[in-house]
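> Attaching a single structure in structure tokens format; questions to follow.
The values are calculated or read from the model by the stated rules, or taken from the named source; none is laboratory data. Since the model is a prediction, treat every value here as computed from it, not as a measurement. Backbone-built Cβ (ideal geometry, glycine too); neighbour counts: all protein chains shown.
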Protein chains: 2
Amino acid sequence: MDVTVAIDCMGGDHGPVVTVPATQAFLAQFRDARAILVGRPDALESALAQIGGGFGERLSVQPASEVVGMDEPPANAMRSKKDSSMRVAVDLVKSGRAQAAVSAGNTGALMAISRFVLKTLPGIDRPAIASVMPTRKGQTYVLDLGANVDCTAEHLLQFGVMGAMLVAAIEHIDRPSVGLLNIGEEAIKGNDVVKQAAELLRRSGLNFYGNIEGDDIFKGTTDVVVCDGFVGNVALKTTEGLVQMLGTFLREEFGRNVFTKAMALAALPVLKRFKHRIDHRRYNGAALVGLRGVVVKSHGSADAYAFEQAIFRAAEAASNRLIERISDRMAAMDGSTA
Amino acid sequence: MDVTVAIDCMGGDHGPVVTVPATQAFLAQFRDARAILVGRPDALESALAQIGGGFGERLSVQPASEVVGMDEPPANAMRSKKDSSMRVAVDLVKSGRAQAAVSAGNTGALMAISRFVLKTLPGIDRPAIASVMPTRKGQTYVLDLGANVDCTAEHLLQFGVMGAMLVAAIEHIDRPSVGLLNIGEEAIKGNDVVKQAAELLRRSGLNFYGNIEGDDIFKGTTDVVVCDGFVGNVALKTTEGLVQMLGTFLREEFGRNVFTKAMALAALPVLKRFKHRIDHRRYNGAALVGLRGVVVKSHGSADAYAFEQAIFRAAEAASNRLIERISDRMAAMDGSTA
């Protein structure tokens, strides 16, 4: 993986305590990869001192004096914090010193900065947020998850292209299947935008499966799930809420008394394996797609293992030419419809 | 519960085998309630013979010669099957012989027939589908779940009124809290329709909580969750898909080998209690609200226990004056905004 990843070390709930060890673990696993740690030198130094050296020129530091707050308004972060770790990390992608940036900071600010610094690709009106979700068969990529709340059919088509190329780059699937999230499998159902989007996707040359419903996400019916950012965000948050509720219920039932606790202990190996299969940390790293550069957003509360997955996804996307794949595909579609 | 419920005995995947025993169980529990079984006499007779008598005049039969197919187009069911069990059950509500109708048949056909026969209430543009979902704290009612895919702010306001009155009638909560499903808690987020709806709900006199996100459904943040039918349907189906996937994963992990099977056996009492808490059968019975009569839709695959819950919800709504509550509330709002 011959790639350099710029790491916003200050973003997220934990900062360097998580981001630096995660970067170390990533570099230890991928011997060709390089990383640039971006952040306040004092904060990085102590974290670096703890992990020690050993990576030579593969690991470097880029100072940045400011930090974007987790609740800071995106416009503010963009205009008045030009030396924030988030901004500098994205700048490194723009200048070509890095091929991808990863941040666990404020999603809105990361999207605003990335869009301003990197710009969108030709033919792409709006970037989208794409994340991976576990399914019965493996995993699927869902987009958009909240960057765009009022989408046209053309936007949904573009999401389909970006999602398919993302899966091709990261999961090495040649022609990923693309499903359009709707409320009925028959073409007759759904709102007008979705109906038009289905037509566009059908003529796009993508491996378009057709309409799918909410339960198809977890059935793993398609490799890519395309939807409006409002719908995608509700589906994602609903999923998170349900998993939390079920986890609470399981803990409550097993914690009810000494007998149920004994049962939990007896079933622990199985419960652990079950937990691992749906461990959200494994699915960490949402791609901001449609930009002239790879940017990946980690969950703010990510631990080192989770953040490492986000770095891995960013590196994989960059080294497998995500940007070129999307550009080429958009150009080909332009030609075919002209 | 001084109420008569018309039961479409032929609808659903199972027909009288499920609907008749469910009605019997309902009547056995509520000694003031009455039921009218609607369907093909030959089919009902054999089911009735099995359960025996004992309900006297509380249980009667209304013949209907036709059955609406589960995949039949709604327009077809409405126009050419005027003697279907579904249609006759709704007609009984219209004529006043019953105060509520319950059917496990085709949702689209039930909505079309109910709308045509009963008409919408004054001030209500479109009926909605409202269903109950389990939460950490108890339960919440979500609407719309798919009857309306392109909603205006006024529609969402009306859903708020209908949902609040439904919860007041069935759950006996005086001023149910109403949340508006959005993608951020700040008023600034969301699309234009949702922003306008928030304004309308704020001035409605309802107990409006404000914006909520997908995870708030299962946190039980509000008693009512208002959303567009497209969003609600995706959230509902996503939930169903996730629960199925997690169930599959649990079974797979516990069924892996003889040791894990022994663990499952050891943990069985706890797993059963857990399963009971999220048992979808307990939450069966979606109300078609906004009509001049109570109509409840049961899941097509409901068993007798689940179908009985749907009958109970219908009877509870009718005996607690759901229709009058919605009418009064709409009239009061009209006065206040005039």
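> Within region A:30-48, track down each residue that is touching a residue at least 40 places away in the same chain (Cβ under 8 Å) and under 24 Å from the mean Cα position of the chain (by Cα).
Correct list: A:F30, A:A33, A:A35, A:I36, A:V38, A:G39.
> Shifting gears a bit: Give me a count of the residues in region B:144-197 that are aliphatic (A, V, I, L, M), at the interface with chain A (Cβ under 9 Å from one of its Cβ atoms) and in contact with a Lys or Arg (Cβ under 7 Å, 6 or more places away or on another chain).
1
> For region A:213-243, what are the residues that are surrounded by fewer than 17 Cβ atoms within 10 Å (Cβ to Cβ) and at the interface with another protein chain (Cβ under 7 Å from one of its Cβ atoms)?
A:E240
> Give just the number: which of (1) within 19 Å of B:G108 (Cβ to Cβ); (2) not assigned by TED's automatic domain parsing to the domain that holds B:V149 does B:F230 not satisfy?
(2)
> Taking B:A109, is it within 21 Å of B:E316 (Cα to Cα) and of a type outside the set (D, E, K, R)?
Taking the combined requirement at face value, the residue does not satisfy it.
> I've got another one for you. Sort through A:A101, A:A89, A:A64, A:A77 and tell me the only one that's at pLDDT 95 or above, buried (at least 23 other Cβ atoms within 10 Å of the Cβ) and more than 27 Å from A:E324 (Cα to Cα).
A:A64
> For region B:214-250, give me each residue that is touching a Gly at 6+ places or on another chain (Cβ under 7 Å) and part of a loop (DSSP other than H, G, I, E, B).
B:G220, B:T221, B:T222
> Scan region A:71-92 and report the pairs whose first residue is within 21 Å of A:D13 (Cβ to Cβ) and whose second residue is of a type in the set (D, E), with Cβ atoms within less than 6 Å and a gap of 6+ or a chain change.
Close Cβ pairs satisfying both conditions: A:K81/A:E66; A:S84/A:E66; A:S85/A:D8; A:M86/A:D8; A:A89/A:D8.
> Return a yes/no flag: does region B:129-141 have any residue that is β-branched (V, I, T), more than 13 Å from the chain's Cα centre (by Cα) and assigned to a loop (DSSP other than H, G, I, E, B).
Checked against the condition, which is being β-branched (V, I, T), more than 13 Å from the chain's Cα centre (by Cα) and assigned to a loop (DSSP other than H, G, I, E, B), region B:129-141 yields at least one hit.
> Inside region B:127-162, can you point out the residues that are acidic (D, E) and out of contact with any Cys (no Cβ under 8 Å at 6 or more places or on another chain)? If you could, list the steps in order and put the result at the bottom.
First pass over region B:127-162, keeping only residues acidic (D, E): B:144, B:150, B:154.
Hits for region B:127-162 are B:D150, B:E154.
> A further question follows. Scan region B:97-117 and tell me whether some residue there is assigned to a helix (DSSP H, G or I), closer than 26 Å to B:I217 by Cα and among the polar types (S, T, N, Q).
Narrowing region B:97-117 to residues assigned to a helix (DSSP H, G or I): B:107-117.
Filter once more, so that each one left must be closer than 26 Å to B:I217 by Cα: B:107-108, B:111.
Then keep just the ones that are among the polar types (S, T, N, Q); that gives B:107.
Yes - at least one qualifying residue is present in region B:97-117.
> Taking the criterion of being under 21 Å from the mean Cα position of the chain (by Cα), modelled with pLDDT of 90 or more and aromatic (F, W, Y), would at least one residue in region B:209-217 satisfy it?
No - not one qualifying residue is present in region B:209-217.
> Among the candidates A:A310, A:A287, which residue alone is outside any helix (DSSP H, G or I) and modelled with pLDDT of 95 or more?
Only one candidate passes the filter, namely A:A287.
> Given the criterion within 17 Å of the chain's Cα centre (by Cα) and surrounded by fewer than 22 Cβ atoms within 10 Å (Cβ to Cβ), identify the matching residue among A:R277, A:R281, A:R251, A:R256.
A:R281 is the lone residue from the list that is within 17 Å of the chain's Cα centre (by Cα) and surrounded by fewer than 22 Cβ atoms within 10 Å (Cβ to Cβ).
> Okay, next question. Checking the structure you have, find out if any residue of region A:106-123 is surrounded by fewer than 20 Cβ atoms within 10 Å (Cβ to Cβ), within 21 Å of A:N148 (Cα to Cα) and more than 21 Å from the chain's Cα centre (by Cα).
Within region A:106-123, one or more residues are surrounded by fewer than 20 Cβ atoms within 10 Å (Cβ to Cβ), within 21 Å of A:N148 (Cα to Cα) and more than 21 Å from the chain's Cα centre (by Cα).
> Further question on the same structure: Going by what's in this entry, would A:G210 be described as crowded, with 21+ Cβ neighbours inside 10 Å, more than 14 Å from chain B (Cβ to nearest Cβ) and not in a helix (DSSP H, G or I)?
no
> How about region A:263-277: which of its residues are closer than 17 Å to A:P134 by Cβ and either acidic (D, E) or within 7 Å of chain B (Cβ to nearest Cβ) (or both)?
A:R273, A:F274, A:R277
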